[in-house]
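Quick notes on the structure that follows.
The values are calculated or read from the model by the stated rules, or taken from the named source; none is laboratory data. All of these numbers come straight from a predicted model, not from anything done at the bench. All Cβ positions, glycine included, derive from the backbone under ideal geometry; neighbour counts span all protein chains shown. Note: areas computed on protein heavy atoms with side chains; ligands, DNA, RNA excluded. Shrake-Rupley method; radii C 1.70, N 1.55, O 1.52, S 1.80 Å.
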Amino acid sequence: NFLRIALSDDLQGKAAAKWAKDLGATKAFVLHDKETYGKGLADQFQTAAKEQGVDIVGVEGIDPMASNYRALIPKITAAKADLVFFGGITQNNAGQVLKDLRSASPKTIFIGPDGIFEEAFIEAAGPASAGAHVTFGGVPPEKLTGAGKAFVDAFTKAHGKPQAYTAY
């Protein structure tokens, strides 16, 4: 038996699509890291975005080992995407994707899943991470109260700042 206390990926994809619509997006370009988690989230986002009235103007799987994604950016800008959804994890080069996107199209909205909701993504993307949106099915550690706050305080004292899902 097991109990999953994290938001399921189908709900996360739907939430990201609704958020995209709420942010004013009309055309989305979907990227994913070709892995089960990332591709699955990208598929869920695509379906939900269409239901929200957001056009999907392109879908690409990336090579997580690439040194950069500059060749991909003209496809996104030519499609006039006002939002990029990235399905994947930090360790599959999400930070570099965002850096390359921001260098050519700084106003394009970027949304990613909880797989990039960590300090490592911010470090990898550097200043390009400012304004990026990330879905997360929980309460950030610094906003927990009661027993959750007590856990975070004890963890921080023993190990340093916790990541998003540490308390869960």
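Things worth noting here:
- Ordering of 37-44, 65-72 by burial proxy (mean other Cβ atoms within 10 Å per residue, highest first): 37-44, 65-72
- Modelled label positions at residue 157 and residue 142, each set 7 Å beyond Cα in the direction of Cβ, lie 2.1 nm from each other.
- Segment 26-101: C-alpha gyration tensor shape, a/c 1.5 cut-off, then a/b vs b/c: oblate
- Under the shape rule built on the C-alpha gyration tensor, where the axes satisfy a ≥ b ≥ c, segment 1-67 is oblate, since a/c reaches at least 1.5 while a/b does not exceed b/c.
- Simple spin-label estimate for residue 36 and residue 71 in nanometres, 7 Å along Cα-Cβ: 3.0 nm
- Segment 1-151, accessible area per residue, ligands and nucleic acids excluded (1.4 Å, Å²): 50 Å²
- Taken one residue at a time, the phi angles of segment 132-139 give Karplus couplings (6.51, -1.76, 1.60, θ = phi - 60°) of 5, 10, 9, 7, 7, x, x, 10 Hz. Gly and Pro are set to x.
- Distance from the alpha carbon centroid of segment 33-61 to that of segment 88-121 works out to 15 angstrom.
- Amide H to amide H distances under 5 Å link residue 84 with 29, 109, 110, 111, where only residues 5 or more positions off or on other chains count and H is placed in the peptide plane.
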